[in-house]
Amino acid sequence: KESIAFPPSHCFSCEHQLGVLDLFPVLSYVFLRGKCRYCKSPVSIQYPIIEALNSLVYLLLFAHYGMSIHFLFYSLLASTLIVVSLIDYYHQIIPNKLVLICLGLGVIYKIVIISGSTGKLGMIKNTLLGFLIGGGVYLLIYVLSGGNMGGGDIKLMAALGLWLGWKYTLLAILLTFILGAIISVFLLVTKIKGRKDPIPFGPFIVLGT
């Protein structure tokens, strides 16, 4: 629940505002040997990992789409989903603001794509069906499971369904549950998670998408 802009980037130990040389993705962490320049407190390895992951996703998207409107919008979506995954992993919550960002970006993207295409009616139907199926399937699971599915998961999948259209939404849901089962078993077998520990579903939705 903190602003991402105010106060500016700072060390969480000494509160010193970070300079330009402290903020180069991955490189600053390496050159500073994982420590704050000012107080020498250790910096979480999470930062370079997420920065590298984000860069890798951008490279993959660029390799597929080139410098295009698709690359721009999918990069913005990917970065948002990485944030969603981490917040849900640590706090078991998917903030509504991030879901609204996914939804808003999706609406703008679809308007841009549909306006320049033939078969507009079919694309609109596909988009709306994806939205309804994405949210509807998870809402049904929520009802049948007695509330074991989180509300954030329902809203996130609805927003992503708008991006994917109905066919890819069904595929994403299938992949989500397959990946969720495999990774959950791994976490339990390796005792990273216990049987009673909550395992957030948001990261699996992101992976499936």
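Quick notes on this structure:
- Checked against the criterion of being over 14 Å from the mean Cα position of the chain (by Cα), within 29 Å of Ile4 (Cα to Cα) and open to solvent by less than 70 Å² (accessible area, probe 1.4 Å), the stretch 141-149 has at least one qualifying residue.
- Of all residues in the stretch 36-68, those that are surrounded by 14 or more Cβ atoms within 10 Å (Cβ to Cβ) and over 21 Å from Thr80 (Cα atoms) total 4.
- Among residues of the stretch 174-205, those that are surrounded by fewer than 23 Cβ atoms within 10 Å (Cβ to Cβ), in contact (Cβ under 8 Å) with a residue 40 or more places away in the chain and closer than 15 Å to Gly135 by Cα, counted: 0
- Within the stretch 27-44, residues that are under 14 Å from Ser9 (Cβ atoms) sit with their Cβ atoms under 9 Å from residues that are open to solvent by 90 Å² or more (accessible area, probe 1.4 Å) and part of a loop (DSSP other than H, G, I, E, B), at 6+ positions apart or across chains, in these pairs: Ser28/Arg37; Tyr29/Ile45; Cys36/Phe12; Val43/Phe12; Ser44/Phe12.
- Hits in the stretch 9-28 - residues which are in contact with a strand residue (DSSP E or B) (Cβ under 9 Å, 6 or more places away or on another chain) and open to solvent by less than 60 Å² (accessible area, probe 1.4 Å): His10, Cys11, Leu18
- With respect to the conditions (1) open to solvent by 70 Å² or more (accessible area, probe 1.4 Å); (2) closer than 29 Å to Ile4 by Cβ; (3) at pLDDT 95 or above, Tyr89 falls short on a single one, namely (3).
- Matching option when the condition is assigned to a helix (DSSP H, G or I), open to solvent by 50 Å² or more (accessible area, probe 1.4 Å) and farther than 18 Å from Pro200 by Cα, among Leu170, Leu164, Leu105: Leu170
- Condition met for Leu121 (aliphatic (A, V, I, L, M), within 18 Å of the chain's Cα centre (by Cα), open to solvent by 20 Å² or more (accessible area, probe 1.4 Å) and farther than 19 Å from Val83 by Cα): no
The values are calculated or read from the model by the stated rules, or taken from the named source; none is laboratory data. Computed from a predicted model, the values in this text were never measured in an experiment. Every residue, glycine among them, receives a Cβ derived from its backbone with ideal geometry; neighbour counts consider all protein chains shown. Please note that ligands, DNA and RNA were not included when accessible areas were found on the heavy atoms of the full protein model with its side chains. Shrake-Rupley method; radii C 1.70, N 1.55, O 1.52, S 1.80 Å.
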